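The values are calculated or read from the model by the stated rules, or taken from the named source; none is laboratory data. Source: prediction; values computed, not measured. Here the Cβ positions follow ideal geometry from the backbone for every residue, glycine too, while neighbour counts run over all protein chains shown. These accessible areas exclude ligands, DNA and RNA; they are computed on the full protein's heavy atoms, side chains included. Shrake-Rupley method; radii C 1.70, N 1.55, O 1.52, S 1.80 Å.
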Amino acid sequence: MMLNRISSYIKVWDRRRIKVLLWTIALGSAFVGSNLFFDNNSVQAEQASVSTKQVPVRLDGVLQSFDPPAVMIDEVTLVPFRPVFEQLGAVVSFDASTQTVTAVKDDKRIQLTIGSAIGKIGDQSWPLPTKAQLIDGTTMVPLRFISEALLANVEWDMRTASVSITSFEHLSPLKAKVNQIIGQIITPTMTNFQKIYAIHKYVVNHVTYDYVNYYKGTVPLLSYSAEGALLGGLAVCDGYTKAMSVLLDKVEIENIRVMGTVRAGEHSWNMVQLNGQYYHIDATWNDSDNNIRNKHELSQGVDTSLDYLETYNPTKDLGYKYFLVSSERLEGHTFPTSAYPKTSHSFDGVFSEAIPFGETADDIYVRALFRNGGEFSYGALKGIAKIDKNGERSYPFSNSDVEVSRFLTPIIFDDHLYYGVGDIIDNVFPVSLSIHRISLNSGEDTPFLDKVFDLKVSGKYMFYTAEVKEANDRGFITRNSHLRRILSNGEQDTLIAENIGSFLLHGNFIYYTKKGDSSSSNKTLHRVSLEGKDDTLLATGADIDHIDGYSEGILSIQVQKYIHLRNE
C-alpha cells in the first residue's frame, strides 16, 4: 500500500512537470507580471496573453463592463484602478496635484502614482511589473498588484481567455488563510531562499503536532490536512507537509511531497527546488513542540537518553536540522531515493548543525557547533555564526572558543546582539551567566553584564535578574536574584525589585514572583510598571513556583508543578 501511494504521487508530480514543460514551450515567457497570489494554475494563466489585447474580467463570477476595458500591454494585464478596488470594498480617492490614487480598506492603505513602477501597501514599497498609467483618462494598474494589495485570487480561464478575480471574502477558508499568511510573511523583494525560509518558519511556529491523538491512535483526518495545520493549528506529519506545499505553491516554488518511513512508522515531508537544485525540508521534525521526536521514539520503546540539542533551543518551536538538507544528510528517514530527484549538498552543515536564536532583515544568527578551525561540526555549542538570508554563506561571527549558554535567549536589540556565556552545572542547570554584547555592524564582541540569570527587552529598556550573595539571619550565605533595568549602552542601571524568582514582561508592566523573607518556598506574585512604579501585590502563597505566561488577559503561573490561571 505504501509503494502504491508513492507511485501514485510520483505520477502526479511527473504530470505536473510535463504540463509545465508543455506550457513553457508553447507560451515562452509571456506574462511576466504573473500574480504572487495565484493558484497553482495561475502561472499558466497570464502566459497566454497577447500584447494590447482586451481582456474580459469576471469578479466573483460576474462579468464586468469596465470603461476602458482591461487590456494586455507588454505581457502585463492592466485594469482600471477605481472600479476594481471599489468593487473589492475599498474607498478610492485621487490627488491631482501628485497624480496619486489611494485605496483604503479596513486598516490597509494602498497607493499608486501615475508614471511610477513602485506602489505602496501600508508602509511597504511594492515593485510593479509595469508603471501605473493613464488610458483614456483612467488610471490603469497591473492586475497582479490588486491581488497583492487586497489578498484576492486571480485566475486565467484558458477556455474563455478571460481573467477571474475572487475577492478575499469569497475565498474558501483555506485559500483565504493562505493568502493572509503570504501577505504577512512575503515581501516583493524576497529571494526564493528567503520565501522558503519564511514559509518554513511560519509553519513550524504556528502548527502544533497532534501528539495526543497520535499516541492514542485516534488521529482525525483533519490532522492529515493543510486545513488542520493552517486553520486549526494542529496536525501530524502529513498536515505539516501539505501546509508547506500550499504555501510554497502560492509563491510559485516547485515542491514535492515525499512519502517514506521513520522509526515510528510512515512519514511525509517536502522537497523544494531552489536555484535549480532539490533539497529536503522536514517541518515536522524541525518543530520541537513537546519534544516531539523523543515522544515518538518513546512510544516505540527507543532509548532517548541522549536528548536533542533542539530541546534547549530558545526559539522553542524552531529547529533547522532538517532544513535544506541532502538525502545523505536526512538522518533517520528512509524513502525510495530513485523515485525522487537527486538532491544537492549546498546547505549541508549550514543549518543542520547550528541552532538559530535571532534574525534581522538580512541575516540569521545561530549558536554554532564549531570545531576544527571554525567549520561546522558536531560538538559543543561554541561561538555564534551569521548566515546570510540568501543562503550563500556562513561564517563565525564571534569568538568560537567561547561556549554559548543554552539557557539564556539571546537578544538582538539596538543594532547589537546580546548572548550568555555559561557557568553550567553538569551541562544541565545554569548558575549565572556573563552577558556579551556584539555589534551587528563591526562584529566587536565585548562583555556587558556579569552574574545574570535572565535578560529581556521591552521598549527602550533591557531587564535582567542579577545574582546577589547575601548573609541571612543565621549567618549563612544565600544566593538571591534582584530585578534590574538598564539601557542598551549600559547606562541607567536601576534596581526594580529584590529577591525575585521569575519575571515576565507584558504591555506596560513587569510581572514577577518574589521570595519570602525566611524561605525561598514562600513567594508572592507582583505587578509593577516598566518604570519601576506602582508595585502591586497580585497573589501570595507558599505553593507559587514561577510565572508561565500571559495570554488574552490571563496570567498563568506554575503552582507546585500544576498550572494555575489567574484573571488579572
**Prompt:** Do you know which of the residues in the stretch 54-79 that are over 18 Å from R159 (Cβ atoms) and β-branched (V, I, T) is most open to solvent (accessible area, probe 1.4 Å)?
**Reply:** I73
**Message:** Take the residues in the stretch 92-116 that are over 20 Å from G183 (Cα atoms), free of Cβ contacts under 8 Å to residues at least 24 places away in the same chain and among the aliphatic types (A, V, I, L, M); name whichever of them is least open to solvent (accessible area, probe 1.4 Å).
**Reply:** V92
**Request:** Would you mind finding the one in L222, L231 that is touching a Lys or Arg at 6+ places or on another chain (Cβ under 7 Å) and either over 26 Å from K389 (Cβ atoms) or open to solvent by 20 Å² or more (accessible area, probe 1.4 Å) (or both)?
**Result:** L231
**Prompt:** (1) part of a loop (DSSP other than H, G, I, E, B); (2) at pLDDT 80 or above; (3) open to solvent by 20 Å² or more (accessible area, probe 1.4 Å): which one isn't true of S338, the others all being true?
**Reply:** (1)
**Prompt:** Looking at V154, V178, which is the one that is surrounded by 19 or more Cβ atoms within 10 Å (Cβ to Cβ), touching a residue at least 60 places away in the same chain (Cβ under 8 Å) and more than 13 Å from L247 (Cα to Cα)?
**Reply:** V154
**Request:** Being among the β-branched types (V, I, T), at pLDDT 85 or above and closer than 15 Å to V141 by Cα is the filter here, so list the residues in the stretch 56-75 that pass it.
**Result:** V57, V71
**Asked** Tally time: how many residues in the stretch 184-208 are touching a residue at least 60 places away in the same chain (Cβ under 8 Å), touching a Leu at 6+ places or on another chain (Cβ under 8 Å) and open to solvent by 10 Å² or more (accessible area, probe 1.4 Å)?
**Response** 5
**Complete:** Among residues of the stretch 243-266 being in contact with a Ser or Thr (Cβ under 6 Å, 6 or more places away or on another chain) and open to solvent by 10 Å² or more (accessible area, probe 1.4 Å), the residue modelled with the lowest pLDDT is T261
**Request:** Answer yes or no as to whether V163 is of a type in the set (A, V, I, L, M) and over 21 Å from V71 (Cβ atoms).
**Result:** no
**The lone exception for I146 - which of (1) surrounded by fewer than 21 Cβ atoms within 10 Å (Cβ to Cβ); (2) at pLDDT below 85; (3) β-branched (V, I, T) it fails** = (1)
**Request:** Only residues that are at pLDDT 80 or above and either in contact with a helix residue (DSSP H, G or I) (Cβ under 6 Å, 6 or more places away or on another chain) or outside any strand (DSSP E or B) (or both): list them for the stretch 403-450, please.
**Result:** D414, D415, L440, N441, S442, E444
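Yes/no matrix, rows are residues, columns are (1) out of contact with any His (no Cβ under 6 Å at 6 or more places or on another chain); (2) modelled with pLDDT under 85:
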| position | (1), (2) |
| --- | --- |
| I477 | yes, yes |
| H482 | yes, no |
| E491 | yes, no |
| A497 | yes, no |
| L505 | yes, no |
| N522 | yes, yes |
| T536 | yes, no |
| Y550 | no, yes |
| H564 | yes, yes |
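One line per residue, one yes/no per condition, for (1) more than 24 Å from T189 (Cα to Cα); (2) at pLDDT 90 or above:
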site	(1), (2)
P83	yes, no
A90	yes, yes
S97	yes, yes
A103	no, yes
D107	no, no
Q111	no, yes
S125	no, no
L128	no, no
I135	yes, no
**Message:** Anything in the stretch 71-84 that is in a helix (DSSP H, G or I) and touching a strand residue (DSSP E or B) at 6+ places or on another chain (Cβ under 8 Å)? List them, or say none.
**Reply:** F81, R82, V84
**Item:** Pairs where the first residue, in the stretch 403-432, is within 14 Å of G358 (Cα to Cα) and acidic (D, E) and the second is open to solvent by less than 70 Å² (accessible area, probe 1.4 Å) and modelled with pLDDT of 70 or more, C-beta under 8 Å, 6+ apart
**Value:** D414/S488; D415/S439; D415/L440
**Request:** Could you list all residues from the stretch 151-168 that are touching a helix residue (DSSP H, G or I) at 6+ places or on another chain (Cβ under 7 Å), of a type outside the set (A, V, I, L, M, F, W, C) and more than 17 Å from G183 (Cα to Cα)?
**Result:** E155
